[in-house]
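Heads up, the thing below is written out as structure tokens.
The values are calculated or read from the model by the stated rules, or taken from the named source; none is laboratory data. Note that the structure is a prediction, hence the values are computed from the model and not measured. Here the Cβ is made from the backbone with ideal geometry for all residues, glycine too, and neighbour counts use every protein chain on show.
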């Protein structure tokens with residue numbers, strides 16, 4: 001699966017940190033029910049890799065990838081767990097080389113023109129803008145459009161129901177990432193119906 005295909009699955013990409021891997025499958029089903037067929041399960045918690053493995057085996061129709069992949073070791077573990085792609089909060093030559101060697105799609109995080117150039121010079125034209133609002137948000141994406149017309153972004157970090165259309169209306173934005181529609185508190189109490197509702201609310205609010 002190439003990066004463009006991944007970033008066109010859904011206009012909203014859930015960024016998920018699970019405390020318990022047993023929540024992974026019901027969460028995946030709740031997301032699908034809400035019209036979201038992609039999950040970025042981060043490696044921020046010990047449950048992350050096992051959660052990816054469970055979803056990839058039990059619900060192959062869900063496009064599950066790993067987030068917070070910071071080095072080659074993370075990338076290899078994510079691939080072994082069944083991740084179809086990996087998101088990184090930043091970009092490094094180590095990660096770029098590892099993704100090519102392991103033949104798994106990397107969507108790296110960028111926040112500066114120099115980082116976008118590093119991606120582009122390695123034939124990577126699909127990146128996460130992270131942290132999106134802190135690094136300049138809509139204005140930096142507009143600025144990137146001039147010197148980097150081939151680049152496409154998934155802004156993540158500070159994106160919510162109130163500003164997602166500001167990002168999605170931009171030509172160089174294919175999707176946005178966020179946590180607002182997968183709140184940790186609702187996952188912990190197994191209120192997956194609420195997550196389905198939040199997904200539908202977000203998708204229905206998109207005006208682009």
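Figures for the structure shown
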quantity	calculated
Residue that is farther than 21 Å from residue 30 by Cα and in contact with a helix residue (DSSP H, G or I) (Cβ under 7 Å, 6 or more places away or on another chain), where the choices are 154, 175, 199	154
Sole residue being modelled with pLDDT of 95 or more, more than 11 Å from the chain's Cα centre (by Cα) and more than 16 Å from residue 104 (Cβ to Cβ), chosen from 44, 4	44
Contacts under 9 angstrom Cβ, first residue in segment 83-105 being in contact (Cβ under 8 Å) with a residue 24 or more places away in the chain, partner in a helix (DSSP H, G or I) and exposed (fewer than 15 other Cβ atoms within 10 Å of the Cβ), 6 or more apart	98/73; 105/5
Checklist (1) in contact with a strand residue (DSSP E or B) (Cβ under 9 Å, 6 or more places away or on another chain); (2) within 19 Å of residue 39 (Cβ to Cβ); (3) surrounded by 19 or more Cβ atoms within 10 Å (Cβ to Cβ) applied to residue 144, failing item	(2)
Residue selected from segment 88-110 under the condition over 15 Å from the mean Cα position of the chain (by Cα) and part of a loop (DSSP other than H, G, I, E, B), by the criterion nearest to residue 156 (Cα to Cα)	92
